[in-house]
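Report on the structure given below.
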Amino acid sequence: MRAFFGQSAAGPFVSLSERGVILALAEGAPIDDPLALLNQSLTGIGRKSADIDEVVCDRGPGGFSSVRRRVTVAATLAQALGADVYASGPLTSEEAAALSAAEFKAGAPLEPLYDRAPNITTPKNVPHLNRSV
């Protein structure tokens with residue numbers, strides 16, 4: 001079974017497919033956890049993560065947090081399951097399901113692609129964090 005971690009304009013999604021047929025699709029809000037979406041998909045079809053032998057991940061471009069979460073979950077899942085992995089650009093669930101198995105390489109690098117440089121060290125203007133003590 002193939003798991004695809006993707007991103008649409010509405011937010012993250014996870015699809016599960018076999019032989020080009022989509023078995024489950026879970027879509028979430030921008031802040032939703034990809035693992036929760038994976039669990040929702042697996043539960044919906046009565047399958048387990050051990051059934052996953054291929055992982056596809058949209059590595060971006062996109063915002064830092066959404067790309068980082070998606071890539072981290074996909075790479076960790078593939079490594080934990082010994083699954084083959086494929087790093088892609090933006091795909092629909094149908095396009096990910098239709099990928100040839102020849103596209104996958106065991107242990108392939110899954111490097112995130114951000115739409116801009118991360119600014120995680122730049123102070124934010126958050127009033128409750130900027131109070132003097």
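Observations, loosely collected:
- Remark: LEU91 matches the filter, which requires a residue to be surrounded by 18 or more Cβ atoms within 10 Å (Cβ to Cβ) and in contact (Cβ under 8 Å) with a residue 60 or more places away in the chain.
- Test: residue in the range 23-31 that is under 30 Å from ASN119 (Cα atoms), in contact with a Lys or Arg (Cβ under 9 Å, 6 or more places away or on another chain), at pLDDT below 95 and not acidic (Asp, Glu): no
- Failed condition for ARG2, given (1) buried (at least 18 other Cβ atoms within 10 Å of the Cβ); (2) under 11 Å from the mean Cα position of the chain (by Cα); (3) of a type outside the set (A, V, I, L, M): (2)
- Members of the range 27-40 found to be buried (at least 16 other Cβ atoms within 10 Å of the Cβ) and more than 18 Å from THR72 (Cβ to Cβ), listed by number: GLU27, GLN40
- Single residue of the range 50-75 satisfying the filter (free of Cβ contacts under 8 Å to residues at least 40 places away in the same chain and within 25 Å of SER100 (Cα to Cα)) that is farthest from the chain's Cα centre (by Cα): ALA50
The values are calculated or read from the model by the stated rules, or taken from the named source; none is laboratory data. Computed from a prediction, not measured in an experiment: that's the story for all the values here. Methodologically, a virtual Cβ is constructed for each residue, glycine included, from the backbone with ideal geometry; neighbour enumeration extends over all protein chains shown.
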